[in-house]
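Asks: I have a structure I would like to understand better, so I am pasting it below and will then ask my questions one at a time.
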Amino acid sequence: MASAAFENIVEDFEFLEDWEDRYRFVIDLGKAMTPLDDSQRIPATKVEGCASQVWLVPTIRGQGATSVFSMAGDSDAMIVRGLIAVLAALYNGLTSAEVVRTDALGEMARLGLDQHLSAQRSNGLRAMVERVKILAGAAVES
């Protein structure tokens, strides 16, 4: 399951023929994100397992499985910031239960990202996805 915003990114990627253009597009998505406030860049929001510094901040409206999930994030690396923007497009607006069920890495593979990220970036992406699933899973259980 993916949000409409993510499906729009998939469509945009189909028009970009080479990886250089896709890479720039992901970076531009990251540049367009509102940066986190310094008060949100704290150990509790930092994602471990990323080569870059990464912070993810969830917003969960409601309670339980039907609560609505959204997230913001930031990184000191432009491509990672772009990956955060893609993940936000994938997850924002889904229920917490839908977030937990979403195969994020499978969805990201639709963009070809799995073939073009370094091993470190792929590990960082997996760490971000795992953090999101933990956050959404906690909301489902509340």
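Asks: Within 15 Å, Cβ to Cβ, of ARG126, how many net charges do the neighbouring residues add up to if Lys/Arg are +1 and Asp/Glu are -1?
Replies: Net local charge, ARG126 excluded: -2.
Asks: When the Karplus curve 6.51 cos²θ - 1.76 cosθ + 1.60 is applied with θ = phi - 60°, which whole-Hz ³J(HN,Hα) does each residue of the range 72-77 get, with x for Gly and Pro?
Replies: 3J(HN,Hα) across the range 72-77, in whole Hz: 10, x, 7, 8, 8, 10.
Asks: Another question about this same structure. Which value in Å is the Kirkwood Rh of the range 4-141 over different Cα pairs? List each step's numbers first, then the result.
Replies: Details: mean 1/r = 0.0666 Å⁻¹.
Kirkwood hydrodynamic radius for the range 4-141: 15.0 Å.
Asks: Please identify, among LEU16, LEU111, LEU94, the residue showing maximal mean-square fluctuation in a Gaussian network model of the chain using a 10 angstrom Cα cutoff.
Replies: The residue with the greatest mean-square fluctuation here is LEU16.
Asks: Okay, next question. What do you get for Rg/Rh of the range 34-99 when both radii come from the Cα atoms and Rh is the Kirkwood radius? Walk me through the numbers before you get to the answer.
Replies: On the way: Rg = 12.2 Å, Rh = 12.4 Å.
Ratio of gyration radius to Kirkwood radius: 0.99.
Laboratory data are not the source of any read-out in this text; all were calculated from the coordinates shown. As the structure is a prediction and not an experimental result, all values here were calculated from the model. Ideal geometry is used to build each Cβ from the backbone, glycine not excepted, and the neighbour counts take in all protein chains shown.
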